[in-house]
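S.K.: Take a look at this one; I'll ask things after.
The values are calculated or read from the model by the stated rules, or taken from the named source; none is laboratory data. Bear in mind the structure is a predicted one, so any value in this text is a computation, not a measurement. Positions of Cβ are backbone-derived with ideal geometry, glycine not excepted, and every protein chain shown enters the neighbour counts.
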């Protein structure tokens, strides 16, 4: 009896097995590339936010930018893009973060459309093999005027069944991998959006000078100091002096 091996089964699938095998190689290559890429981009977001929260609370934007530079990942890239526009105001920061976020999202989605496409077309190629295999079987029946046995029809049936099984064997894992990577991408996007909102809240209402420091006297809230007796009544250090009430002759 002929020994049935995987190679012999594949060869019985006909010429359509070639594109199916090519699709399987591409799926594996793209999935491996995306997995390694995502693995490099993973950072511990809570620890990273703690590192930039301290300098930002003290108005030191430059140190926060340096921390983003040392931490590679989509979250740090978005935060860095916003902090570099901090001196231009909160709205410019938000716009810069949105632009950087779109760029990071595009990078995260890179090549995922390939996996999605192959997950859809590979089973269709298998079904096409099923059709061509059955066509060959019926052609044999016609050529022999119906005087056929199982051996005559075996070739067409082999092609029909093998290509279908091969197409599904590639398409199902490809679809699973696509949904897995889409879920990973959504996690990165959620982290970027959450971190961006937190940074915007930290720098809200604070004016930053050209050196990346909080501009003196321009913080959003100024608490009044202790009352001072100036001789003409009680005033606070934060109160403004009315020029009309000041008479140099009274000094």
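S.K.: Six or more apart or on different chains, Cβ atoms under 7 Å: show the pairs whose first residue is in segment 49-75 and in contact (Cβ under 8 Å) with a residue 12 or more places away in the chain and whose second is in a strand (DSSP E or B) and buried (at least 18 other Cβ atoms within 10 Å of the Cβ).
M.R.: Pairs that qualify, where the first residue is in contact (Cβ under 8 Å) with a residue 12 or more places away in the chain and the partner is in a strand (DSSP E or B) and buried (at least 18 other Cβ atoms within 10 Å of the Cβ), are 59/214; 61/208.
S.K.: Need the failing condition index for residue 66 against (1) touching a helix residue (DSSP H, G or I) at 6+ places or on another chain (Cβ under 7 Å); (2) part of a helix (DSSP H, G or I); (3) at pLDDT below 90; (4) surrounded by 14 or more Cβ atoms within 10 Å (Cβ to Cβ), just the number.
M.R.: (1)
S.K.: While we're here: State whether one or more residues within segment 104-118 are farther than 22 Å from residue 33 by Cβ and part of a helix (DSSP H, G or I).
M.R.: No, segment 104-118 contains no residue that is farther than 22 Å from residue 33 by Cβ and part of a helix (DSSP H, G or I).
S.K.: Here's another thing I want to ask about it. I'd like to know if segment 39-58 contains one or more residues that are touching a helix residue (DSSP H, G or I) at 6+ places or on another chain (Cβ under 7 Å) and modelled with pLDDT of 90 or more.
M.R.: no
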